[in-house]
Each structure stands twice: as structure tokens, then as C-alpha cells.
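The next block holds one structure in the form of C-alpha cells; read it before the comments.
The values are calculated or read from the model by the stated rules, or taken from the named source; none is laboratory data. Please read these numbers as outputs of a predicted model, since none were measured by experiment. Here the Cβ is made from the backbone with ideal geometry for all residues, glycine too, and neighbour counts use every protein chain on show.
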Amino acid sequence: MRKNVSLFSIAFVLVATAGCDSKPKVSAVTGKVTINGNPAPEKTRVNFEPVNGGESAAGMVDASGNYKLYYGNEGREGAMPGKYKVFLAPDASSEAYMSGPPSGVPGMPSSGPIPKEYMSGQASPLTVDVPESDTTIDVVIE
């Protein structure tokens, strides 16, 4: 009898926890970043800062201007659904950001082709919605 109770307990726990995912739902987000019609320089960081609090998501631009977002401390692919302010951060090692006027921020290289208002979440005029499904969000800065 004792053996049957133990097997029943194990089976109950397995059924009760089946399908449970303790991680929040995230949507895969990819896209392309263009500045004045040109791909953003490689290694430009794309930042999605949640408007109503929560975890930010970020990605790195490749040589063609494409990016993929990653979320949270684990670097989980995607972003939580919601409304975000989008801003960019230059890469100090990129030649595109080594010339030009200083950014005005200590330790920050030149903003290069990034308009200054797109260098912080507070100043950025660009707001996007991440849906509850995988999506493509192109970041177009004119």
C-alpha cells in the first residue's frame, strides 16, 4: 500500500507541473536599423526600454543593419509584449563613432550618425509596440 501511495504522489506532482513554464512570455523581435536611409553602423546597440516598467531588451546591429533582441539577465531571445521607447547607443570601437563632434556625455564616443534625441530612452521620440507574437520591427530614423 505504501508503494502505491508513493507512486500516486509522484504521478500527481508530474501531472500538476506538466506544461508549467515559470518564465514570462516573450516574443521574438528582429528588424533592421536605418539612419537617413543607410544601415546603422555595425555594433550599434538597439535598446527597447519599457514605457510602463519591467525588463529592457537590447540587441546589436550587424554589418547589414539587422538586429535581434535579447531580454533579461539570462539573455533570453525576445522581448516581453508591451510598449517601448527605442534608442540607440554607439559602439566606442566602431570607426563610425570615432570621428565627428563629441556626444557631450562623459565616456561616450561621438554620436556619429545617431541624432542626439535617439541616444536615450527619455529623449527618444520613437515608441513601438511589441505584440504577443513573434514580429519584425524596423527602426527607421530620418
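Return the residues of the stretch 40-83 that are in a loop (DSSP other than H, G, I, E, B) and either under 13 Å from residue 28 (Cβ atoms) or touching a residue at least 60 places away in the same chain (Cβ under 8 Å) (or both); say none if nothing qualifies.
40, 41, 44, 51, 69, 78, 80, 81
In the stretch 16-23, is there at least one residue being at pLDDT 60 or above and within 20 Å of the chain's Cα centre (by Cα)?
yes
For the stretch 104-142, give me the residue count where each residue is at pLDDT below 90, small (Gly, Ala, Ser), in contact with a Pro (Cβ under 9 Å, 6 or more places away or on another chain) and exposed (fewer than 15 other Cβ atoms within 10 Å of the Cβ).
Number satisfying all stated conditions: 0.
Restricting to the stretch 61-71, name every residue that is surrounded by fewer than 17 Cβ atoms within 10 Å (Cβ to Cβ) and at pLDDT below 95.
Residue satisfying the conditions is 63 alone.
Considering every residue within the stretch 92-101, establish whether at least one is assigned to a loop (DSSP other than H, G, I, E, B) and either at pLDDT 95 or above or crowded, with 19+ Cβ neighbours inside 10 Å (or both).
No - not one qualifying residue is present in the stretch 92-101.
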